[in-house]
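The values are calculated or read from the model by the stated rules, or taken from the named source; none is laboratory data. Worth saying up front: this structure is predicted, and the values here are computed from it rather than measured. Counting neighbours? That spans all protein chains shown, and the Cβs are built from the backbone with ideal geometry, glycine included.
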Amino acid sequence: MSKEVEITLLPGGEKVKVPQGALISEILGKSEAGKSWVAAKLDGKPVDLSVQVERDSSLEAIAKDSPEALDILRHSAAHIMAQAVKSIFPEALIAIGPSIENGFYYDFDVARPFTPEDLAKIEERMREIVSRKLAFSRRELSREEATALFAGLGEKYKVELLEGFSDPSFSIHQQGDFIDLCRGPHIPQTGFLKAFKLTSAAGAYWRGDERNPMLQRIYGTAFFDVDSLKKYLAFLEEAKRRDHRRLGKDLDLFSFSDEIGAGMVVYHPKGALIRHILENFEKREHLLRGYQIVVGPTLLKTDLWKKSGHFEHYRENMYFTEIDEQSYGVKPMNCLSHMLIYKSRIRSYRDLPIRYFELGTVHRHEKSGVLHGLLRVRQFTQDDAHILCTPDQLNDEIKSIIDFVSEVMGIFGFEFEVEISTRPQNSIGSDADWERATAALTQALEEKGLPYFICEGEGAFYGPKIDIKLKDALDRRWQCATIQCDFTLPERFDLSYVGADGARHRPVMVHRVILGALERFLGVLIEHYAGAFPVWLAPVQAMIVTVTDSQLDFARAVCAELRGRGVRAEVDSRSEKLGFKIREAQMQKVPYMLVIGDKEVQGGGVAPRKRDGTQLGLMTSLQFADLVDRECLESSKGRVGLNIV
RNA sequence: GCCGGCGUAGCUCAGGGGUAGAGCAGCUGAUUCGUAAUCAGCAGGCCGCGGGUUCAAAUCCCAUCGCCGGCUCCA
C-alpha cells in the first residue's frame with residue numbers, strides 16, 4: 001500500500017500530499033505547469049528532479065534564473081564534456097570536473113595533451129550529445145559497489161577519490177554510456193545545455209599538488225542562453241582590450257626585456273611619471289598620518305636574515321651574494337632595517353606607536369612560470385610600513401590602517417573584500433602569539449563592521465594577515481593591501497620599550513602595505529581605467545594640436561605657459577591634419593586636446609576638447625590650467641592638484 | 001618549477017627545406033587642412049640565442065633564454 005507524505009512547497013509554503021516515492025519532477029510539475037525546472041532543493045539540499053521523496057519534506061524548485069542553476073548547468077556541462085572526451089579518447093581517465101566562477105573544467109589523464117583541434121572535435125561531439133537529449137540518471141551505490149564499478153572501468157582517480165570520502169554510500173550519475181561519481185544535482189537531460197564553449201586546455205596537477213602527476217584540464221563555459229554566452233565572450237574581449245601588458249606597450253608606459261631578465265620592469269617616461277605621482281601622493285598621505293619616512297639598504301648580511309627567520313623560511317625566494325667573503329642577502333622584505341632603526345636607541349612607551357614608512361624596493365625569486373606583466377614580478381617597490389606599538393595600541397592601529405586603506409581605495413574608485421589568513425605549516429612563533437595576533441586582526445574587522453572570509457593556513461610565516469582584495473571596474477579581484485600582525489620578530493630582535501612602570505616591555509609589530517607593490521598596483525590601475533587615467537594621474541594631461549603649422553609658435557608658447565602652471569602639456573608639431581592628431585591623442589587617452597587654429601590665435605586662447613569628445617570652447621591657457629587643477633583635485637578627492645609634480 | 005603553445009622589421013602578423021614579406025609606425029618630399037587616419041617615395045631584418053641534421057635551415061631536431069595560457073605559489 002502506498003503511504004502518503006506531506007510536501008511543503010517553498011517559498012509559498014503550500015502543503016501537498018503525494019504518494020511516498022513520488023518523483024520530485026512529478027510533484028513540481030503539478031505546482032506550476034509549463035515551466036522546466038533545472039533541479040530542486042529537498043529540505044534545503046540541492047537534488048536532481050529524478051529523486052524520490054520518502055518522508056515529509058520541504059521542496060523548492062530551482063529555476064534557470066535562480067543563483068544555483070548556473071552552477072548546476074556548468075557542472076552538467078563538465079560531465080557532457082567528459083562524455084565527449086571519453087567517446088573520442090576511450091583510453092582517457094577522468095579525474096574531477098567542477099563548475100567554477102566563470103564556467104567549468106574537467107581534468108583527464110591522457111597519453112598526449114589536448115590540441116586546439118581536439119577541443120573543436122570535443123565541442124562538436126558535445127553538441128551531438130546535447131541534441132540527443134540524454135537523461136541524467138542517478139543511482140545510490142554502496143562503497144563496495146562504487147569502488148568495484150570504477151575499478152572495473154579502470155578509473156583509478158575515481159577509486160582514489162572514493163577512498164578519501166567517509167560516506168557509506170555514493171551517488172552515481174549517468175547520461176548515455178557515461179558514468180561518473182558525483183554528488184549532483186544535474187540538469188534533467190543534456191538538451192538543457194544551450195550555449196557553451198570550450199575555452200582552453202592546460203596542465204593541472206592531480207589534486208593541485210605539484211608532487212602529483214600532471215593531468216590535462218579543459219576549461220569551458222556554459223549558459224542557459226546564447227545571449228549570456230555572447231555577453232561573457234564580450235567581457236573576455238573587453239578584458240583583453242584592457243590588458244595592462246597591451247596598454248603598457250600602446251601607451252608607452254613600461255617594457256620588459258629578455259636581455260635584462262624576466263620579471264624586471266623598465267619604466268618608460270610616461271610610466272615613470274605615473275609612478276612618481278603615486279609615490280609623491282603616498283609620501284604625503286603617510287606623513288599626514290604620523291608615519292616617518294625611512295630608507296633601508298638593499299643588501300643585508302645573511303646572518304641577519306638567519307636571525308629573523310627569513311633564511312630558514314623564505315630562502316627559496318631570496319637572492320644571495322658575497323662581498324669581502326661575507327654572505328649578503330638581497331632584501332625580499334623591508335622589515336629588518338626598520339627594526340634596527342627602532343633598536344638604535346632606547347624607546348619609551350611615550351614614543352609609541354612608531355610608524356616607519358619606506359617605499360622599499362625588494363627582490364623575490366618568483367618561479368618563472370608565475371611571472372605576469374606588472375602583476376607578478378621579481379623586483380618591486382612596496383609602500384611598506386612597520387608599526388611598533390604597545391599591545392594596548394594594537395587594535396586602534398589596525399583600525400586606522402583599515403581606514404587608511406579604505407580612504408585610498410575610495411580615491412581610485414575601488415571597492416574591496418577582506419580575508420583573514422591564519423597560521424601556515426611553515427611558520428615561527430608560539431601558538432599563543434598566533435592566537436593573540438589573529439584575534440587582534442579579527443576584532444578590528446568586527447569593530448569596523450567589515451565582513452571577511454577566513455583562509456586557513458594562508459598567513460605569512462611570522463604572523464597572520466588581513467588581505468584586501470580590490471574589485472576593479474570589471475569586478476575582478478586583485479590582492480594589493482595587506483596588514484600583518486607580528487609578535488615574533490620583535491622577540492627575535494629583542495625589541496623593547498620602557499613602560500610607565502620603568503620596566504622593559506616587548507612592542508608588537510604590524511607590517512602593512514596600502515597599494516602593495518607599486519608595480520602590481522599600476523597594472524591593476526591600468527586595467528581598471530582601461531588606460532584612460534583620471535587627470536591627476538594622467539602622464540600627459542593636455543596635447544596641444546594645431547590646425548596648421550602656422551600656429552605652432554603660438555602653440556609652443558601656450559605649452560610653456562601651461563607647464564609653468566604645472567600642467568603636463570605637450571605639442572604635437574607634426575605636419576598632419578587636425579583629425580589625425582586628434583585621433584592619435586585620443587588613442588593615447590590624453591584627457592584634453594587643446595585645439596589651436598587661427599581663431600584661437602586671434603582670441604589668444606585654446607579650444608579644449610575632452611577625451612569623451614565634448615568641446616569646451618575658447619578659453620585662455622590660465623583658465624585652462626585652473627580647470628585642470630580643479631579636475632585633479634576633484635578626481636583625487638581633494639588630495640592632489642597641479643603641484644604634485 | 002611543472003604541462004602545453006609561441007618567439008620573423010618599432011608594433012600587429014604572413015611565409016613551414018631552395019633569393020626574407022604585408023599593413024601600421026619611422027624618415028624624406030609634397031600638401032597647410034577645424035575635432036578619430038592627406039598623398040608619394042625611401043629606409044628598415046643575426047627570422048630570440050647556441051648547437052645539430054642537410055648540398056641547402058626562418059622552416060626539421062636538441063638545448064637555452066624570453067613571452068603566452070593554466071597548475072603550484074604570491075605584493
Cβ-Cβ below 6 Å, separation at least six or inter-chain, first residue in the range A:238-250 and within 10 Å of RNA strand B (Cβ to nearest atom), second among the acidic types (Asp, Glu) and part of a helix (DSSP H, G or I): which pairs? A:HIS244/A:GLU527
Of the numbered conditions (1) on the phi > 0 side of the Ramachandran plot; (2) surrounded by 16 or more Cβ atoms within 10 Å (Cβ to Cβ), A:ALA146 fails exactly one; give the number of that condition. (1)
May I ask you to say which residue of A:ARG275, A:ARG207 is at positive phi, surrounded by 15 or more Cβ atoms within 10 Å (Cβ to Cβ) and not small (Gly, Ala, Ser)? A:ARG207
Only one of these conditions is not met by A:SER550: (1) within 16 Å of A:ARG275 (Cβ to Cβ); (2) not in a strand (DSSP E or B). Which number is it? (1)
Give me the pairs, please: first residue somewhere in the range A:84-106 and assigned by TED's automatic domain parsing to the domain that holds A:ALA204 and more than 18 Å from A:ALA195 (Cα to Cα), second residue anywhere and among the hydroxyl-bearing types (Ser, Thr, Tyr) and surrounded by fewer than 23 Cβ atoms within 10 Å (Cβ to Cβ), beta-carbon distance under 8 Å, and either six or more positions apart or on two chains. A:LEU93/A:TYR157; A:ILE94/A:TYR157; A:ALA95/A:TYR157; A:ILE96/A:TYR157
Go through (1) of a type in the set (Lys, Arg); (2) surrounded by 17 or more Cβ atoms within 10 Å (Cβ to Cβ); (3) more than 14 Å from RNA strand B (Cβ to nearest atom) and name the single condition A:LYS471 misses. (2)
Here, strands (runs of 3 or more DSSP E) confined to the range A:1-52 with at least 2 residues that are out of contact with any Asp or Glu (no Cβ under 8 Å at 6 or more places or on another chain), at pLDDT 80 or above and surrounded by 19 or more Cβ atoms within 10 Å (Cβ to Cβ) are none
Please work out which residue is farthest from A:GLU570 (Cα to Cα), limiting yourself to the range A:619-637 and to residues that are part of a loop (DSSP other than H, G, I, E, B) and modelled with pLDDT under 95. A:LYS637
Flagged pairs (Cβ under 6 angstrom, 6 or more apart or on separate chains; first in the range A:318-330, within 12 Å of A:ASP303 (Cα to Cα); second among the β-branched types (Val, Ile, Thr)) are A:SER327/A:THR302; A:TYR328/A:THR321; A:GLY329/A:THR302
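Rundown of residues vs (1) surrounded by 19 or more Cβ atoms within 10 Å (Cβ to Cβ); (2) within 28 Å of the chain's Cα centre (by Cα); (3) modelled with pLDDT of 90 or more; (4) over 28 Å from A:GLY164 (Cα atoms), yes/no style:
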{"site": "A:SER76", "(1), (2), (3), (4)": "yes, yes, yes, no"}
{"site": "A:PHE89", "(1), (2), (3), (4)": "no, no, yes, no"}
{"site": "A:PRO98", "(1), (2), (3), (4)": "no, yes, yes, no"}
{"site": "A:GLU101", "(1), (2), (3), (4)": "no, yes, no, no"}
{"site": "A:PHE104", "(1), (2), (3), (4)": "yes, yes, yes, no"}
{"site": "A:ASP118", "(1), (2), (3), (4)": "yes, no, no, yes"}
{"site": "A:ARG139", "(1), (2), (3), (4)": "no, no, no, no"}
On the basis of being in the same structural domain as A:GLY457 (by TED's automatic domain parsing), assigned to a helix (DSSP H, G or I) and touching a strand residue (DSSP E or B) at 6+ places or on another chain (Cβ under 9 Å), does A:VAL405 make the cut? yes
Considering only the range A:495-540, state which residues are more than 21 Å from A:LYS249 (Cβ to Cβ), assigned to a loop (DSSP other than H, G, I, E, B) and either of a type in the set (A, V, I, L, M) or assigned by TED's automatic domain parsing to the domain that holds A:HIS286 (or both). A:LEU495, A:SER496, A:GLY499, A:ALA500, A:ASP501, A:GLY502, A:ALA503, A:ARG506, A:PRO507, A:VAL535
Of all residues being more than 6 Å from RNA strand B (Cβ to nearest atom) and crowded, with 21+ Cβ neighbours inside 10 Å in the range A:594-604, which is farthest from A:ASP553 (Cα to Cα)? Just the residue, please. A:LEU594
Whichever residue in the range A:474-489 is more than 12 Å from RNA strand B (Cβ to nearest atom) and outside any strand (DSSP E or B) and, among such residues, is modelled with the highest pLDDT: A:LEU489
Considering each residue of the range A:500-543, count those that are of a type in the set (A, V, I, L, M, F, W, C), more than 26 Å from the chain's Cα centre (by Cα) and more than 12 Å from RNA strand B (Cβ to nearest atom), and give that number. 6
Being part of a helix (DSSP H, G or I) and either surrounded by fewer than 19 Cβ atoms within 10 Å (Cβ to Cβ) or within 13 Å of RNA strand B (Cβ to nearest atom) (or both) is the filter here, so list the residues in the range A:342-372 that pass it. A:LYS343, A:TYR349, A:ARG350, A:ASP351, A:SER368, A:GLY369, A:VAL370
Of the listed residues (A:ASP612, A:ASP553, A:ASP549, A:ASP572), the one being without any contact (Cβ under 8 Å) to a residue 40 or more places away in the chain and away from RNA strand B (no atom under 11 Å from the Cβ) is A:ASP553
Look at A:GLY164 and say whether it is under 17 Å from A:ILE100 (Cβ atoms), loosely packed, with under 13 Cβ neighbours inside 10 Å and modelled with pLDDT under 90. no
Within the range A:206-237, of all residues that are basic (Lys, Arg) and within 14 Å of RNA strand B (Cβ to nearest atom), the one nearest to A:VAL130 (Cα to Cα) is A:ARG217
When you go through (1) closer than 17 Å to A:ALA204 by Cβ; (2) surrounded by 13 or more Cβ atoms within 10 Å (Cβ to Cβ) one by one for A:MET126, which number turns out not to apply? (1)
Condition first: near RNA strand B (Cβ under 9 Å from one of its atoms) and outside the structural domain of A:GLU407 (by TED's automatic domain parsing). Can you find one or more residues in the range A:618-626 that meet it? yes
Which of the residues belonging to the range A:373-403 are within 14 Å of RNA strand B (Cβ to nearest atom), among the charged types (D, E, K, R) and more than 22 Å from A:PHE416 (Cα to Cα)? A:ARG378
